[in-house]
1. Contact list please: Cβ distance under 6 Å, first residue in segment 110-136 and farther than 30 Å from Arg87 by Cα, second residue modelled with pLDDT under 70 and aliphatic (A, V, I, L, M), pairs at least six apart or on different chains.
2. Check Leu28, Leu40, Leu7 and return the single one that is assigned to a loop (DSSP other than H, G, I, E, B), among the hydrophobic types (A, V, I, L, M, F, W, C) and surrounded by 20 or more Cβ atoms within 10 Å (Cβ to Cβ).
3. How do the pairs read when you match residues in segment 28-47 that are within 17 Å of Val119 (Cα to Cα) with residues anywhere that are among the small types (Gly, Ala, Ser), using Cβ under 7 Å and keeping only pairs 6 or more apart or on different chains?
4. Scan segment 100-144 for residues that are on the phi > 0 side of the Ramachandran plot and either touching a helix residue (DSSP H, G or I) at 6+ places or on another chain (Cβ under 7 Å) or modelled with pLDDT of 65 or more (or both) and jot them down.
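The values are calculated or read from the model by the stated rules, or taken from the named source; none is laboratory data. Bear in mind that the values here come from a model prediction, so they are computed numbers and not experimental data. When we count neighbours, we look across all protein chains shown, and the Cβ atoms used for this are built from the backbone with ideal geometry, even at glycine.
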Amino acid sequence: MDDERPLFPVETLRHWYVTPFGGTSPELGLFQIGINREALETNTSLDPTVDRVRVSIAGRPHRRPLLMDRFFEIVPLDEQHPDAFRRSPRGEAVLPEGDDVVRKYEPPRPGDDIVINNVASQRLVPLASSEEFEKVLRELFRKGHGRPRENA
């Protein structure tokens, strides 16, 4: 990689990042998103050992409710992932091959902006497991977020 600092991801709102789509790689597993390690460390507060993120394509509707959405593991890309690393020289997002099977809409094209949303992970850091996370979310949705319910 050049001696230049990676340009992406860019934090647009607190815990929301935007980065171009760099392509797909067979080195990543389903529900993994790869980003150049230096870019992660320089441009984000993302912690790949803890954080799980929602991934969407900018300008396209995110049709799944939070409870049904898939959260992606962040893979810091370096020489250990040569194919994926090559696709993220400036901090571009790399998705697994076959990701279009997971999505209900047209897959991203290289250069499309990818939104990486880490808000849920940051707000629910005290929860130790995905089961606890799911339990809290179900309870929030069951209560309707505290809104009064209208009679039918």
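1. So the pair list comes out as Phe133/Leu124; Phe133/Leu127.
2. Details: Leu40 fails: assigned to a loop (DSSP other than H, G, I, E, B); Leu7 fails: surrounded by 20 or more Cβ atoms within 10 Å (Cβ to Cβ).
Only one candidate qualifies: Leu28.
3. Short answer, once both residue conditions are applied: Ile33/Ala93; Asn43/Gly91.
4. Gly111
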